[in-house]
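Here you go, one structure.
The values are calculated or read from the model by the stated rules, or taken from the named source; none is laboratory data. These numbers were taken from a predicted model, which means no experiment stands behind them. Methodologically, a virtual Cβ is constructed for each residue, glycine included, from the backbone with ideal geometry; neighbour enumeration extends over all protein chains shown. Quick note on the areas: whole protein, heavy atoms, side chains included, nothing else; ligands and nucleic acids left out. Shrake-Rupley method; radii C 1.70, N 1.55, O 1.52, S 1.80 Å.
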Amino acid sequence: MALNLKVEEPGKGVVLVSAAGEVDLNTSPQLRQAMAPHLKKKMRGLVVDLSQVSYMDSSGIATLIEAMQGCQKFGMSLRLSAPSTAVSEVFKMAHLDKIFEIRASREEAMKDLG
Amino acid sequence: MPTAATDKKVKQFEALLKIGQRLSSEMQLDRLLEMILDETTHVMEADRSSLFLVDREKKELWSKIAQGTTEIRLPIGKGISGAVAKTGEIINIPDAYADRRFNPETDKRTGYHTQTILCVPMKNPEGSIIGVIQVLNKKRGVFDPSDEEVLLALAGQAAVAVENARYHSAALAQERMKKDLEFARTIQEGFLPQALPAVSGWEFAAQYKAALDVGGDFYDFIPLSEGQMGVLIGDVSGKGVSAALFMARLMSDFRFYATSLSSPGEVVGRMNQILVERSRRGMFVTLCYLLIDLSEGKITVVNAGHLAPLVRQTSGGVVPLEGAANTPLGILAQQTFAEHHYHLQPGEIITLMTDGILESMNKKGTLFGPKRINRILADAARGAEQTGKSIFQAVNRFAQGTPQHDDLTLICLRRKQATKAPKARASKSQGKEEKVSLHVKSDPRYLALVRRNLEFMLAQDEILDQDIQRIVLAVDEAAANVIRYAYQGDPCQNMDFTFSITPDWLTIEIRDYGAKPDLEKIKPRALEEIRPGGLGTRFMKEVMDQVNYDISPPKGTLLTMKKRRSASGGGK
C-alpha cells in the first residue's frame, strides 16, 4: 500500500506534512524526502499529521527521529499530530511516546508555532 | 477560312480531347504519368517534359519519372517548378541562360542544353495545385501564349486523371485491407471465449475491443479437473491475418497442454518449444497464465514477458504480482518458466491486461499508463465486472475517440467475500495445522504484501486476532532486516515465508539466501538508546516468545519466530 504525502505551509515558517497510508521500509524514504527540504534556518516548526497513517515500522520511527534531530539543529519544533492507536502502540513499544511531542489534532499541533 | 494559327489550335484541342479520354481510362498512376508525359511532349512539339506532383505533408514536389531523368524531389517555392507550384502562375522562359530564375546545375550534370521552358500548374477542378508540368526546348521557336493555353488545359486534364487514379488505388487498397481485417477479426473472435465461467465463490469478467487494424490479443478461461481453472491472457506480436492465425493455433495448443500437464510452468515451457519451431518472421508471444485453486484461492502465476497481474487488496492497496521475469515465448528454445505463488484473499481482485490498455493514446499523444490503472483500482472496491468496465470506460474517456492501434483486453477475477469467516478454531481444535507459504523478492515493495497475507491469516484466529498488529510488526521488521542486512538492499533476491498455526503455537519462518548475521551483533538496543537501528530486532523479541537464527544451512539463514497461542494470555 502506498504512502500519500501532502506538504503545505499554513503559516510563516511552519510546514505541515500530512501522511496517509503505511510507513515501512518501502515508503519511509518518501517521508524523509518530504520533510528534509524544510529542515533549515528561519523555520519555526514541522508538524507531521499522522492521523491517516495506519501502520508504521521501525524505519518510520527512525525517519521521525532523524527529523527530530534535524529540527533541533535549526531550533525548530517537531510535532506529531493524532497518531492512530496502532501507531501510538509502536511509539510506546519503542519507548518514544514521551520523547516526541504528540498532540491530539493538527490544530493543537500548530498552536503557538507561527 | 481558318488561318494556320487557328488550324493549329483546333488540332491541339482535338489532341487534348483524345488525351482526356485516354487519361480517364488509365487507373494505374505510374502508367498514367508516363502517358501524360508522352502526349504532352508530342502535342507541345517539345523535346522533353517533366511532371511533378505536390507532396503536401513534406512541402515538396516529387517526380517518379521525368523523361530522361530519375526520381527527383524539390522543395516547393524553390526553382522554376517550385515557384509555379507555390504561386500557380505560368512561367514561360524564351532563353534559359539569359534568365536568372534558371538554374543550370541539372544541365551541367546531365549534359543537356536547356533553351526554352514552359511551366504550368496542374489544378484540379476545385482550383488547388496538385502538381506542375514543365516542357523544355520547343522544336521550333519559343513557347507562345497559345502554347501556354494548351499546356494549361492539358495540365487540367492530367490533374483530374491523377486524382482519379489516386482515389482508385486508395479505394482498391482499402477494399483489400478491409477484407483481410474482416477475416482476421472473424478468426480472432471465433477463438475467444463466448461465455464467462460460472463458479461459486468467484466472479470472472472480460473486456475486449479489437483495434482498427486487429492486433493479436487473446484470452481464455480453461476449466481443469479437481476444482482448478486456468486463466490465460496474451498478445501475439504483429497484426492482421497472420497474427490472428498464429493466435488461433496457439490457443488450441495451449488448451491441450493446460489440460494434459499439471504444472503451469511446464505448460508454458512446452508452448514455448512449439512456438520457437513455428515462429516465422520473428513473431513472438507474451502471455500470463494463472492456475487457480478455486477452493482455497491459491494461485500459481507464470508470466512470460507479459504485464504483471495487479492484485487489488481489500485495504485498497494495489500490488503487482511480479514473480520471476521470464522471456516471451517463441524466441529462445529450451527455456524454463518459473512459477510464482500468491494466495488470493476473499474480496481481492486480480486484473490482467494487455499493453493496448496502458498504451492507449489521447489526441495529444499521452499514454494512459499504469498510474491511471492503479488509481482506478485503488479508488473503490468493486466487483470483477464493474472493475473491468470502470477501466474500459476510463480508457475510452481518455482516448476521446482517437483510434487505437492495438487491441484492448482486460480480465478481472475476484474471490468473493465469504458470507461468514470460517471458524478457524474448529479445525485447530482437531489438531490440524494452518499453513501459508509466500515467496517474494527482497524488494521493500513486497513488505506490504507479506503483511496483508499474515494479517489475513491471523484475523481467522480468534486468539491471535487480538495481537495482529504487534505480530505483523515483528514479522515486517524481520523481513526488513533480511532486505537491509542479508541482501544489502538488493531487491532481486529471494525470501521465503511460512506462517503456520497449530493449537499451541504460531510459528513464523523466514528463509533467506544472503549474508549470515553476526549473532553477537543482533542484540536489542537498550531502552534508553533512541538512535535509529536495532529497534526492529527489539520489536521482534518483545512480541515473540522465541526468536532463533539458524545459520547452519550452506547458504543464508533460517529465522524462526514463535508465539505461544494460548487464550489464557500466557504468552506475551
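Just to be sure I understand, how many residues within segment A:1-41 are more than 14 Å from chain B (Cβ to nearest Cβ) and part of a helix (DSSP H, G or I)? Talk me through it step by step, then tell me what you get.
From segment A:1-41, those more than 14 Å from chain B (Cβ to nearest Cβ) are A:5-19, A:33-41; that's our starting set.
Next, from what is left, pick out any that are part of a helix (DSSP H, G or I): A:33-38.
Count: 6.
Another one. Go through segment B:1-100 and tell me which strands (runs of 3 or more DSSP E), entirely inside it, have 3 or more residues that are modelled with pLDDT of 90 or more, open to solvent by less than 90 Å² (accessible area, probe 1.4 Å) and within 23 Å of residue B:128 (Cα to Cα).
Numbers: elements: B:46-55, B:60-63, B:72-75, B:91-93.
Because the criterion is at least 3 residues that are modelled with pLDDT of 90 or more, open to solvent by less than 90 Å² (accessible area, probe 1.4 Å) and within 23 Å of residue B:128 (Cα to Cα), the strands (runs of 3 or more DSSP E) in segment B:1-100 that meet it are B:46-55.
Scan segment B:365-407 for residues that are surrounded by 14 or more Cβ atoms within 10 Å (Cβ to Cβ), in a helix (DSSP H, G or I) and polar (S, T, N, Q) and jot them down.
B:374, B:386, B:387, B:390, B:396
Still on this model: Collect the residues in segment B:215-227 that are touching a residue at least 60 places away in the same chain (Cβ under 8 Å), at negative phi and either in a loop (DSSP other than H, G, I, E, B) or touching a His at 6+ places or on another chain (Cβ under 7 Å) (or both), keeping them in residue-number order. Steps first, answer last, please.
Residues of segment B:215-227 that are touching a residue at least 60 places away in the same chain (Cβ under 8 Å), as a first pass: B:215-219, B:224, B:227.
Narrowing the set further to residues that are at negative phi leaves B:215-219, B:224.
Result: B:215, single match.
Need the failing condition index for residue B:504 against (1) within 11 Å of chain A (Cβ to nearest Cβ); (2) surrounded by fewer than 19 Cβ atoms within 10 Å (Cβ to Cβ), just the number.
Looking at each condition in turn, residue B:504 falls short on (1).
Quick one: in segment B:155-201, which of the residues that are within 27 Å of the chain's Cα centre (by Cα) and β-branched (Val, Ile, Thr) is most open to solvent (accessible area, probe 1.4 Å)?
B:186
Looking only at residues that are open to solvent by 10 Å² or more (accessible area, probe 1.4 Å) and among the polar types (S, T, N, Q) in segment A:16-57, which one is nearest to residue B:489 (Cα to Cα)?
The residue in question is A:26.
To continue, here is another question. Check residue B:335 against each of (1) of a type in the set (S, T, N, Q); (2) closer than 28 Å to residue B:296 by Cβ; (3) in a loop (DSSP other than H, G, I, E, B) and name the one condition it does not meet.
Against the list (1) of a type in the set (S, T, N, Q); (2) closer than 28 Å to residue B:296 by Cβ; (3) in a loop (DSSP other than H, G, I, E, B), residue B:335 comes up short only on (2).
Only one of these conditions is not met by residue A:69: (1) among the polar types (S, T, N, Q); (2) open to solvent by 20 Å² or more (accessible area, probe 1.4 Å); (3) at pLDDT 90 or above. Which number is it?
(3)
Okay, next question. Across segment B:308-319, what is the number of residues that are assigned to a loop (DSSP other than H, G, I, E, B) and either within 14 Å of chain A (Cβ to nearest Cβ) or touching a helix residue (DSSP H, G or I) at 6+ places or on another chain (Cβ under 6 Å) (or both)? Outline the logic, then answer.
Looking only at segment B:308-319, we keep the residues that are assigned to a loop (DSSP other than H, G, I, E, B), and these are B:308-309, B:313-317.
Okay, now just the ones that are also either within 14 Å of chain A (Cβ to nearest Cβ) or touching a helix residue (DSSP H, G or I) at 6+ places or on another chain (Cβ under 6 Å) (or both), so B:313-317.
Of the residues in that region, 5 qualify.
For segment B:338-363, how many residues are over 19 Å from residue B:293 (Cβ atoms) and assigned to a loop (DSSP other than H, G, I, E, B)?
5
Just one of the numbered conditions (1) open to solvent by less than 10 Å² (accessible area, probe 1.4 Å); (2) more than 14 Å from chain B (Cβ to nearest Cβ); (3) at pLDDT below 95 is not true of residue A:60; which one?
For residue A:60, the failing item is (2).
To continue, here is another question. Six or more apart or on different chains, Cβ atoms under 6 Å: show the pairs whose first residue is in segment B:108-131 and under 21 Å from residue B:145 (Cα atoms) and whose second is open to solvent by 40 Å² or more (accessible area, probe 1.4 Å) and assigned to a loop (DSSP other than H, G, I, E, B).
B:116/B:94; B:116/B:142; B:120/B:90
Which pairs have Cβ atoms under 6 Å, sit 6 or more apart or on different chains, and link a residue in segment B:290-306 that is part of a loop (DSSP other than H, G, I, E, B) to one that is of a type in the set (A, V, I, L, M) and at pLDDT 90 or above?
Listed pairs, sorted by first residue: B:294/B:229; B:297/B:344; B:306/B:287.
So which residues in segment B:179-214 are outside any loop (DSSP other than H, G, I, E, B), among the acidic types (Asp, Glu) and either in contact with a strand residue (DSSP E or B) (Cβ under 7 Å, 6 or more places away or on another chain) or at pLDDT below 75 (or both)?
Step one: filter segment B:179-214 for residues outside any loop (DSSP other than H, G, I, E, B), giving B:179-191, B:202-209.
Subsequent filtering for residues that are among the acidic types (Asp, Glu) retains B:180, B:182, B:189, B:203.
Passing the criteria: B:180, B:203.
If you don't mind, another one. Do we have residue B:317 as surrounded by fewer than 23 Cβ atoms within 10 Å (Cβ to Cβ), at positive phi and more than 24 Å from the chain's Cα centre (by Cα) here? Write out each step before concluding.
Details: surrounded by fewer than 23 Cβ atoms within 10 Å (Cβ to Cβ): yes; at positive phi: no; more than 24 Å from the chain's Cα centre (by Cα): yes.
No; evaluated as a whole, the condition is false for this residue.
Within segment B:372-380, is there a residue that is at pLDDT below 85 and more than 27 Å from residue B:218 (Cβ to Cβ)?
If we filter segment B:372-380 for residues that are at pLDDT below 85, which is where we start, we get B:379-380.
Restricting the remaining residues to those that are more than 27 Å from residue B:218 (Cβ to Cβ) gives B:379-380.
The answer is yes; a qualifying residue exists.
Next question. I want to confirm something. Restricting to segment A:84-114 and keeping residues that are within 13 Å of another protein chain (Cβ to nearest Cβ) and part of a loop (DSSP other than H, G, I, E, B), which single residue is nearest to the chain's Cα centre (by Cα)?
Going residue by residue through segment A:84-114, those that are within 13 Å of another protein chain (Cβ to nearest Cβ) are A:84-100.
Next, from what is left, pick out any that are part of a loop (DSSP other than H, G, I, E, B): A:84, A:94-100.
Details: A:84: 13, A:94: 16, A:95: 17, A:96: 13, A:97: 13, A:98: 15, A:99: 13, A:100: 9 Å.
Out of the qualifying residues, it is A:100.
If I filter segment B:533-542 for residues that are modelled with pLDDT under 85, within 14 Å of chain A (Cβ to nearest Cβ), more than 21 Å from residue B:458 (Cβ to Cβ) and open to solvent by 20 Å² or more (accessible area, probe 1.4 Å), do I get at least one hit?
yes
Also: I need every pair where a residue in segment B:393-404 that is within 8 Å of residue B:360 (Cα to Cα) and in the same structural domain as residue B:208 (by TED's automatic domain parsing) has its Cβ under 9 Å from the Cβ of a residue that is exposed (fewer than 13 other Cβ atoms within 10 Å of the Cβ) and among the charged types (D, E, K, R), sequence separation at least 6 or different chains.
Once the first residue is within 8 Å of residue B:360 (Cα to Cα) and in the same structural domain as residue B:208 (by TED's automatic domain parsing) and sits in segment B:393-404, its partners that are exposed (fewer than 13 other Cβ atoms within 10 Å of the Cβ) and among the charged types (D, E, K, R) give B:399/B:363.
Any idea which residue in segment B:202-224 is least open to solvent (accessible area, probe 1.4 Å), counting only those that are closer than 16 Å to residue B:237 by Cα and among the charged types (D, E, K, R)? Reasoning before the result, please.
Of segment B:202-224, the ones closer than 16 Å to residue B:237 by Cα are B:210-219.
Okay, now just the ones that are also among the charged types (D, E, K, R), so B:213, B:217.
Details: B:213: 49, B:217: 1 Å².
Once the filter is applied, the top-ranked residue is B:217.
Criterion first (open to solvent by 30 Å² or more (accessible area, probe 1.4 Å), more than 14 Å from every other protein chain (Cβ to nearest Cβ) and not charged (D, E, K, R)) does residue A:75 satisfy it? Spell out how you get there, then give the answer.
On the way: open to solvent by 30 Å² or more (accessible area, probe 1.4 Å): yes; more than 14 Å from every other protein chain (Cβ to nearest Cβ): yes; not charged (D, E, K, R): yes.
For residue A:75, the condition - open to solvent by 30 Å² or more (accessible area, probe 1.4 Å), more than 14 Å from every other protein chain (Cβ to nearest Cβ) and not charged (D, E, K, R) - is met.
OK, next. How many residues are among the polar types (S, T, N, Q) and free of Cβ contacts under 8 Å to residues at least 24 places away in the same chain when one looks only at segment A:23-72?
So in segment A:23-72, the residues among the polar types (S, T, N, Q) come out as A:26-28, A:30, A:33, A:51-52, A:54, A:58-59, A:63, A:69, A:72.
Applying the additional criterion that residues be free of Cβ contacts under 8 Å to residues at least 24 places away in the same chain yields A:26, A:33, A:69, A:72.
The number of residues fulfilling the criteria is 4.
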